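Take a look at the structure set out below.
The values are calculated or read from the model by the stated rules, or taken from the named source; none is laboratory data. Bear in mind the structure is a predicted one, so any value in this text is a computation, not a measurement. So basically every Cβ, Gly included, is an ideal-geometry build from the backbone, and we count neighbours across all protein chains shown. Surface accessibility is based on the protein's heavy atoms, side chains included, excluding ligands, DNA and RNA. Shrake-Rupley method; radii C 1.70, N 1.55, O 1.52, S 1.80 Å.
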Amino acid sequence: MNLRLHIWRQAGPNDTGMLKTYDVANVSEHMSFLEMLDVLNEDLIAKGEIPVAFDHDCREGICGTCGMVINGRPHGPVARTTACQLHMRTFKDGDEIYIEPWRAKAFPVLRDLVVDRGSFDRIIQTGGFVSVNTGNAQDGNAIPISKPDADRAMDAAACIGCGACVAACPNSSAMLFTAAKVGHLASLPQGQAERSSRAMNMVLQMDAEGFGSCTNHYECEAACPKGISAEFIAQMNRDFISTTFGGKA
Amino acid sequence: MKAFGDIWRSNLFQKWLMAVSGLLLVLFLLGHLSGNLLVFLGREQINEYAHGLRTMGHGMIIWVVRLGLLSFFVLHVTSAITLARRNRAARPAKYHRVESRASTLASRTMLYSGLLLLSYVLYHLAHFTWGAVHSEYYAQACPPSAGCVDCIPDVYSMIVSSFQQPLISITYLLSMIMVGLHLNHAIASAVQTLGVTNRRIVPVMRILGPGLSIIIALGFSSVPLAIILGFVKI
Ligand code: HEM
Ligand code: SF4
Ligand code: FES
């Protein structure tokens with residue numbers, strides 16, 4: 001199939017950037033979206049132009065590195081699918097496709113479709129961990145965890161940190177990502193000791209990074225390739241407020 | 001533990017203030033609505049009710065309630081505007097194309113429906129509480145000619161004569177659409193903000209919230225509608 005792409009091109013963080021139009025020919029429906037971009041880039045290199053920069057790593061939907069807004073939707077039109085797992089059969093010959101980077105003050109564009117998601121790392125650094133004393137590793141089953149708790153923790157832990165929730169949110173809020181991390185550890189016995197300070201610190205770090213606040217549109221939940229539930233946001237709200245009023249989360 | 005000032009200024013705390021004050025305002029609306037519907041029971045009922053409100057506890061109670069409402073309103077509006085400004089700043093560059101999947105007309109227009117409500121509330125107070133606008137109908141409650149000192153004011157006549165004016169009724173009806181739109185998102189949203197995760201309650205609230213918003217909007221609208229259609233007369 002033949003496609004017309006409108007891609008955000010920006011030479012560097014301080015460049016203003018603009019949408020540029022490219023035609024790609026002979027795209028196979030079996031290609032992934034990133035492979036289609038690879039074809040375009042080969043083309044650009046052959047013509048002596050600068051290829052389109054985009055992030056990618058595993059290309060199997062598990063690392064969270066890839067990410068771009070495709071026709072107004074983070075990771076494209078297919079629910080629960082990362083851009084690397086999106087296949088060209090969802091498009092048809094002659095389609096026009098808009099490709100833009102994640103848009104958020106806390107995710108500055110580095111180049112073309114690549115943004116700096118260091119703000120997510122800094123949120124994790126303020127509380128997305130469990131402190132353990134060094135020494136021998138604990139016995140595998142020393143801490144029993146019930147099946148519902150383990151399932152709940154796994155549901156939250158499925159977050160791959162891709163940032164689509166921020167990109168989809170009209171307020172560029174990072175609530176779903178942060179709530180997934182807070183909710184993951186809050187579901188496990190190991191996470192209880194630091195549960196209150198974790199919720200408080202990670203929430204305040206979100207603000208410090210310049211993410212917006214949640215207005216409960218639930219666009220994040222709809223865009224999340226891992227189907228993280230907004231229920232974790234409610235739980236984080238509760239943990240934060242009970243910590244604020246002196247109690248424990 | 002963080003300093004309380006830092007927590008107070010945080011997005012999540014401001015959001016919580018907005019939800020709590022908003023829900024208290026919704027409770028007030030439900031009380032207000034049940035009072036309004038006394039119009040349908042007749043002149044005496046609503047007049048006595050209104051008189052009772054103003055004189056309860058030697059006229060002190062109404063001031064306590066007014067002070068409470070004013071503070072919730074101020075908290076609600078200031079937190080709403082603070083958060084809306086921060087949210088705007090969080091996305092300095094816009095997308096060329098956006099396809100929304102989950103948000104609704106109501107959820108996307110909360111600030112605008114809220115600001116329209118703010119102007120409506122000021123108009124409404126000027127009309128029925130201060131008598132600053134449409135004073136000819138306000139005067140009906142307590143005609144100076146009657147030399148009224150200790151009598152029960154005739155709010156029934158004030159309401160009915162006001163709403164017999166189509167322009168006034170239409171203004172109120174349009175405002176009630178705004179109330180319905182605002183609450184359509186607000187009630188269920190506040191449940192989420194307060195952190196309710198119970199899987200039996202949440203789905204019910206996501207239906208009950210919009211349902212309640214329709215009941216509130218229709219309930220308030222029934223009074224001007226009944227008057228303009230002539231079911232309720234002087
Ligand atoms: C009768 C008066 C009002 C009632 C009963 C009311 C009720 C509510 C409730 C319950 C919420 C939900 C809070 C949450 O999302 O957690 C809300 C949100 C909101 N209200 Fe009001 N409100 C009223 C007036 C106003 C006014 C005058 C403004 C003017 C600025 C306003 C602006 C907002 C905004 C911007 C939101 C946030 C919406 C969001 O987060 O998506 N409201 N309101
Ligand atoms: S919550 Fe979902 S959309 Fe957000 S970072 Fe995690 S995987 Fe990506
Ligand atoms: S490249 Fe790893 S999730 Fe897409």
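For a quick check of your reading: which helices (runs of 4 or more DSSP H) sit entirely within the stretch B:1-85 and have at least 2 residues that are within 27 Å of B:SER157 (Cα to Cα), more than 16 Å from ligand 2 (Cβ to nearest atom) and touching a residue at least 60 places away in the same chain (Cβ under 8 Å)?
Numbers: elements: B:4-9, B:11-36, B:43-59.
Answer list for the stretch B:1-85: B:11-36, B:43-59.
Of the residues A:ALA168, A:ALA137, A:ALA223, only one is among the hydrophobic types (A, V, I, L, M, F, W, C) and more than 8 Å from chain B (Cβ to nearest Cβ); which?
Details: A:ALA168 fails: more than 8 Å from chain B (Cβ to nearest Cβ); A:ALA223 fails: more than 8 Å from chain B (Cβ to nearest Cβ).
Result: A:ALA137 is the single residue among A:ALA168, A:ALA137, A:ALA223 that is among the hydrophobic types (A, V, I, L, M, F, W, C) and more than 8 Å from chain B (Cβ to nearest Cβ).
Would you point out the residue of the stretch B:123-148, among those that are assigned to a loop (DSSP other than H, G, I, E, B) and of a type outside the set (A, V, I, L, M, F, W, C), that is nearest to the other protein chains (Cβ to nearest Cβ)? Even if it seems obvious, please write down each step before you answer.
Restricting attention to the stretch B:123-148, the residues satisfying the condition of being assigned to a loop (DSSP other than H, G, I, E, B) are B:129-134, B:142-143, B:147-148.
Of the ones still in play, those that are also of a type outside the set (A, V, I, L, M, F, W, C) are B:129, B:131, B:134, B:143, B:147.
Working: B:THR129: 32, B:GLY131: 38, B:HIS134: 36, B:PRO143: 48, B:GLY147: 54 Å.
The residue in question is B:THR129.
The residues listed here are B:TYR112, B:TYR120; of these, the one that is in a helix (DSSP H, G or I) and either more than 14 Å from chain A (Cβ to nearest Cβ) or open to solvent by less than 40 Å² (accessible area, probe 1.4 Å) (or both) is B:TYR120. Considering only residues in the stretch B:9-51 that are at the interface with chain A (Cβ under 9 Å from one of its Cβ atoms) and of a type outside the set (A, V, I, L, M), the one that is most open to solvent (accessible area, probe 1.4 Å) turns out to be B:ARG9. Of the helices (runs of 4 or more DSSP H) that lie entirely inside the stretch A:163-249, those containing 1 or more residues that are at pLDDT 95 or above and within 13 Å of the chain's Cα centre (by Cα) span A:164-168, A:175-186, A:219-223.
When you check A:ALA179 against the structure, is it of a type in the set (Gly, Ala, Ser) and more than 7 Å from chain B (Cβ to nearest Cβ), yes or no?
yes
When B:VAL191 is tested against (1) crowded, with 16+ Cβ neighbours inside 10 Å; (2) under 17 Å from the mean Cα position of the chain (by Cα); (3) at pLDDT 95 or above, only condition (2) is not met.
Filtering the stretch A:97-131 to residues that are more than 10 Å from chain B (Cβ to nearest Cβ), farther than 20 Å from A:ILE160 by Cα and of a type in the set (D, E, K, R) leaves A:ARG111, A:ASP112.
Condition (residue is assigned to a loop (DSSP other than H, G, I, E, B) and basic (Lys, Arg)) applied to the stretch A:47-57: is it met by at least one residue? There is at least one residue in the stretch A:47-57 that is assigned to a loop (DSSP other than H, G, I, E, B) and basic (Lys, Arg).
Figure legend. Inter-residue proximity from the stretch A:1-25: first residues outside any strand (DSSP E or B), second residues surrounded by 12 or more Cβ atoms within 10 Å (Cβ to Cβ) and at pLDDT below 95, beta-carbon distance below 8 Å, spacing 6+ or different chains. No pairs are indicated.
Would you check if there is a residue in the stretch A:78-91 being part of a strand (DSSP E or B), open to solvent by 10 Å² or more (accessible area, probe 1.4 Å) and within 15 Å of ligand 2 (Cβ to nearest atom)? Before you say what the answer is, go through the steps one by one.
Here is the first cut: in the stretch A:78-91, the residues part of a strand (DSSP E or B) are A:87.
Subsequent filtering for residues that are open to solvent by 10 Å² or more (accessible area, probe 1.4 Å) retains A:87.
Add one more test, that the residue is within 15 Å of ligand 2 (Cβ to nearest atom), and what stays is none.
No, the stretch A:78-91 contains no residue that is part of a strand (DSSP E or B), open to solvent by 10 Å² or more (accessible area, probe 1.4 Å) and within 15 Å of ligand 2 (Cβ to nearest atom).
Return the residues of the stretch A:197-220 that are among the aliphatic types (A, V, I, L, M) and either touching a Phe, Trp or Tyr at 6+ places or on another chain (Cβ under 6 Å) or at the interface with chain B (Cβ under 10 Å from one of its Cβ atoms) (or both); say none if nothing qualifies.
Within the stretch A:197-220, the first condition is being among the aliphatic types (A, V, I, L, M), and the residues that meet it are A:199-200, A:202-204, A:206, A:208.
Once the filter is applied, which keeps residues that are among the aliphatic types (A, V, I, L, M) and either touching a Phe, Trp or Tyr at 6+ places or on another chain (Cβ under 6 Å) or at the interface with chain B (Cβ under 10 Å from one of its Cβ atoms) (or both), the stretch A:197-220 yields A:ALA199, A:MET200, A:VAL203, A:LEU204, A:MET206, A:ALA208.
Please determine whether any residue of the stretch B:206-219 is more than 13 Å from the chain's Cα centre (by Cα), closer than 30 Å to A:ASN237 by Cα, modelled with pLDDT under 95 and within 14 Å of chain A (Cβ to nearest Cβ). Within the stretch B:206-219 (the criterion being more than 13 Å from the chain's Cα centre (by Cα), closer than 30 Å to A:ASN237 by Cα, modelled with pLDDT under 95 and within 14 Å of chain A (Cβ to nearest Cβ)), the answer is yes, since at least one residue qualifies.
Would you mention how many residues in the stretch A:146-167 are within 26 Å of A:CYS63 (Cβ to Cβ) and away from ligand 2 (no atom under 16 Å from the Cβ)? Before you say what the answer is, go through the steps one by one.
Let us first name the residues in the stretch A:146-167 that are within 26 Å of A:CYS63 (Cβ to Cβ), namely A:150-167.
Then drop every residue that is not away from ligand 2 (no atom under 16 Å from the Cβ), which leaves A:150-151.
Number satisfying all stated conditions: 2.
Give me the pairs: first residue in the stretch A:217-244 and over 21 Å from B:ALA186 (Cα atoms), second residue away from ligand 2 (no atom under 12 Å from the Cβ), beta-carbon distance under 6 Å, and six or more apart or on different chains, which are they? Listed pairs, sorted by first residue: A:ASP239/A:ALA199; A:ASP239/A:ALA249; A:SER242/A:ALA249; A:THR243/A:SER196; A:THR243/A:ALA199; A:THR243/A:MET200; A:THR243/A:ALA249; A:THR244/B:ILE7.
The number of residues in the stretch A:44-74 being open to solvent by 80 Å² or more (accessible area, probe 1.4 Å), among the β-branched types (Val, Ile, Thr) and under 17 Å from the mean Cα position of the chain (by Cα) comes to 1.
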